[in-house]
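K.L.:
I have a structure here, written as structure tokens, and I will follow up with some questions on it.
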Amino acid sequence: MHLPIDGTSRIAPVLPGIRLRPEREAMVPVEGGHIYVRVNGDLDNGRPPIVMAHGGPGSSHWYFLNATALADDRAVILYDQLDSGRSENPNDPANWRVERFVDELEAIRAHFGIARWHMLGTSWGGTIALEYGARRPDGLAGLILQSPLVSTAIWLRDANRLKDAMPPAIRDLLYRCDTPGAADEADCDAATEAFYRRHIQLCDPAPEIAAYRAALPRSFNAAIYNHMWGRAEFTASGTLSDYDGTPLLTRLDGKRTLFLTGEADEAIPETVAAFARMAGADFAVIPDAAHFAMNDNPSPYLAILRPWLLRQDT
């Protein structure tokens, strides 16, 4: 899950080799409409490309832009889910189903004729990655779940733990804000932002990435977020409110799976490490990063990702 956050005190880095402009673009047909896909790097260089699924539901691909620095090694595929970013926006809740979002991946793979690839999903995109990996598709070389939503009950348990650690006035306000009308809306927004600055996004995006985000038709779609999740990261009232993907963890190919989370992430490291153990998978923490880890601290993120992908290539 993601909401955009502005006004933090630090500016995120931009990696050498980042490619703001795509080298290929496509509008790929999926159930319900067409989704935007961009590619950097050579799809035919012999190394499996990597596709990345953004969070939300309703966010967009902008915060993966630093990952295009990988394009010298392998193709990097970024896309927007239906009703997000540059994708079509039918805005029909009938499309907002977990399995339909998972099916978008195979539509992308078929469109570009990719035999084998790696898949990374973050937050809600981690749910998509979990569901996709549990299908055991033949073409999946490696699976990365960064800060994934695996179980809503566990997510909310951890969110309450993090809320309890906030300053008392903010903590108490956050709990009141869970009841509609119990607190002033502006006060709730300010308290929510304080939580987000601590656990969602530590750094503002760099100016060039912020400009890219601003040029998107939709960098965040509140309608789908509210329908599937709820008012805020720690309040689940939507269709994902009873989601439990923990039985899927043992269906993953653990030897080809990596779990990641940020050091200050709302997906707290000990919980994500427990998911990795259940899956028999690798686990790593990105230092000095929260939920938007690729934005907050991309260099150590890719320092973990590059060698791990190379080990899974063969």
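K.L.:
Extension gain residue 182-residue 116, at 0.36 nm per residue separation less the Cα-Cα distance, in nm?
P.N.:
18.6 nm
K.L.:
OK, next. Run the paramagnetic zone check for residue 99: 7 angstrom along Cα to Cβ, then residues of the stretch 238-273 with backbone nitrogen under 20 Å.
P.N.:
Counting backbone N atoms under 20 Å from the label point, the list is 239-252.
K.L.:
Taking the Cα centre of the chain as the origin, how large is its charge dipole in debye, to the nearest 20, when only Lys and Arg (+1) and Asp and Glu (-1) carry charge on their Cβ atoms?
P.N.:
In total the dipole reaches around 720 debye.
K.L.:
Right, another one. Amide H of residue 34: which non-local residues (sequence gap of 5 or more, or other chain) have their own amide H closer than 5 Å, using H built in the peptide plane?
P.N.:
Correct list: 88.
K.L.:
Please identify, among 49, 287, 298, the residue showing maximal mean-square fluctuation in a Gaussian network model of the chain using a 10 angstrom Cα cutoff.
P.N.:
287
K.L.:
How would you classify the stretch 1-119 from its alpha-carbon gyration tensor, with a ≥ b ≥ c the square roots of the eigenvalues: rounded for a/c under 1.5, else prolate if a/b is greater than b/c, otherwise oblate?
P.N.:
Here the stretch 1-119 falls in the oblate category.
K.L.:
Also, I was wondering about something else. What cysteines in the chain have no other cysteine with a beta carbon less than 4.7 Å from their beta carbon?
P.N.:
For the chain, the answer is 203, because their Cβ atoms have no other cysteine Cβ under 4.7 Å.
K.L.:
Additional query: Is the stretch 218-298 rounded, prolate or oblate when judged by the Cα gyration tensor, a ≥ b ≥ c being the square roots of its eigenvalues, rounded requiring a/c under 1.5 and prolate requiring a/b larger than b/c?
P.N.:
On the way: a/c = 2.22, a/b = 1.29, b/c = 1.71.
Cα axes put the stretch 218-298 in the oblate bin.
K.L.:
Can you give me the accessible area per residue for the chain, using a 1.4 Å probe, in Å²?
P.N.:
On the way: 11620 Å² over 314 residues.
Each residue of the chain exposes 37 Å² on average to a 1.4 Å probe.
K.L.:
With runs of 4+ DSSP H residues as the only contributors, calculate the mean residue ellipticity of the chain at 222 nm using -39,500 (n - 2.57) per run, divided by the residue total and rounded to the nearest 500.
P.N.:
Details: 10 runs with 110 residues, N = 314.
Calculated at 222 nm, the ellipticity per residue is -10500 deg cm²/dmol.
K.L.:
While we're looking at this one, here's another question. For the pair residue 226/residue 164, report the inter-label distance in nm, with labels modelled 7 Å from Cα in the Cβ direction.
P.N.:
For the pair residue 226/residue 164, the computed spacing is 3.1 nm.
K.L.:
In nm², what is the average projected area of the convex hull enclosing the Cα atoms of the stretch 101-183? Working shown, then result.
P.N.:
Values: hull surface 29.4 nm².
Across all orientations, the stretch 101-183 yields a mean hull projection of 7.3 nm².
K.L.:
May I pose another question? Once you order the gyration tensor axes a ≥ b ≥ c over the Cα atoms, which shape class does the chain get: rounded for a/c under 1.5, otherwise prolate or oblate by comparing a/b with b/c?
P.N.:
Judged from the Cα gyration tensor, the chain comes out rounded (a/c under 1.5).
K.L.:
Hey, what do the phi angles of the stretch 13-25 turn into as Karplus ³J(HN,Hα) couplings, whole Hz, using 6.51/-1.76/1.60 and θ = phi - 60°, x for Gly and Pro?
P.N.:
For the stretch 13-25, the Karplus curve yields x, 10, 7, x, x, 4, 10, 5, 9, x, 9, 9, 9 Hz.
K.L.:
I've got another one for you. Could you give the length gained on full extension between residue 11 and residue 44, defined as 0.36 nm per residue of separation minus the Cα-Cα distance, in nm? Could the numbers behind the result be given before it?
P.N.:
Details: separation 33, 0.36 × 33 = 11.88 nm, distance 3.53 nm.
Length gained, residue 11 through residue 44: 8.4 nm.
K.L.:
Under 10 Å, Cα contacts only: if you run a Gaussian network model on the chain, which one of 36, 212, 132 comes out with the highest mean-square fluctuation?
P.N.:
Maximum fluctuation in the GNM of the chain, among the listed residues, is at 212.
K.L.:
Treating the stretch 160-314 as a set of equal point scatterers at the Cα positions, no solvent, please give the Debye-formula log₁₀ I(q)/I(0) at q = 0.11, 0.21 Å⁻¹.
P.N.:
So the normalised log intensities work out to -0.57, -1.41.
K.L.:
Cut-off 10 angstrom, C-alpha nodes, Gaussian network model of the chain. Which of 77, 209, 128 fluctuates the most?
P.N.:
Highest fluctuation among the options: 209.
The values are calculated or read from the model by the stated rules, or taken from the named source; none is laboratory data. What you are looking at is a predicted structure, and each value in this text was computed from that prediction instead of being measured. All Cβ positions, even for glycine, are placed from backbone atoms using ideal geometry, and neighbour counts span all protein chains on display. Quick note on the areas: whole protein, heavy atoms, side chains included, nothing else; ligands and nucleic acids left out. Shrake-Rupley method; radii C 1.70, N 1.55, O 1.52, S 1.80 Å.
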